[in-house]
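Peer 1: Mind looking over this structure? Questions follow.
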Amino acid sequence: MKEAIFTVREIIEVKDKYNITITKAIRRVVPIEKGQLVEIYTVGKDRIVISPLPKDPSNRLREMMKEIDKNFLRKEAEKISVSEAEKSLSKKI
């Protein structure tokens, strides 16, 4: 199933010291807790994206590591090892 671009869209005011409030409607779609860290970055010169960071980054890292194709990594390591061995042998000859 394809994800919608905008599930919820809100217009909010930027307050003193550039604070913003994440509305309840947004928090229902993307659960976030007080004190939770978020990542904020720009897209071009006219967009700001705010993404909550995982509460336990090590769990997310483990999930990401499972997604890496271990066979691909093994093959790349073998290529590097062979290349380094060839360089080493060519110096001795």
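Peer 1: Taking region 29-67 only, how many residues are among the basic types (Lys, Arg) and touching a residue at least 12 places away in the same chain (Cβ under 8 Å)?
Peer 2: 1
Peer 1: If you don't mind, there's one more thing I want to ask. Please find, among SER83, SER90, SER51, the residue that is in a helix (DSSP H, G or I), out of contact with any His (no Cβ under 8 Å at 6 or more places or on another chain) and surrounded by 10 or more Cβ atoms within 10 Å (Cβ to Cβ).
Peer 2: When all the criteria are applied, what remains is SER83.
Peer 1: Can you work out which of the residues in region 3-35 that are under 17 Å from ILE48 (Cβ atoms) and touching a strand residue (DSSP E or B) at 6+ places or on another chain (Cβ under 9 Å) is surrounded by the fewest Cβ atoms within 10 Å (Cβ to Cβ)?
Peer 2: Per the criteria, the residue is ILE20.
Peer 1: Still on this structure, I have one more. Does ILE40 satisfy being of a type in the set (A, V, I, L, M, F, W, C), in a loop (DSSP other than H, G, I, E, B), exposed (fewer than 10 other Cβ atoms within 10 Å of the Cβ) and on the phi < 0 side of the Ramachandran plot?
Peer 2: Considered against the rule, which asks whether it is of a type in the set (A, V, I, L, M, F, W, C), in a loop (DSSP other than H, G, I, E, B), exposed (fewer than 10 other Cβ atoms within 10 Å of the Cβ) and on the phi < 0 side of the Ramachandran plot, ILE40 comes out as no.
Read-outs throughout are calculated quantities, based only on the coordinates presented, and are distinct from any laboratory measurement. Being a predicted model, the structure only gives us computed values, none of them experimental. Cβ atoms come from the backbone with ideal geometry, glycine included; neighbour counts cover every protein chain shown.
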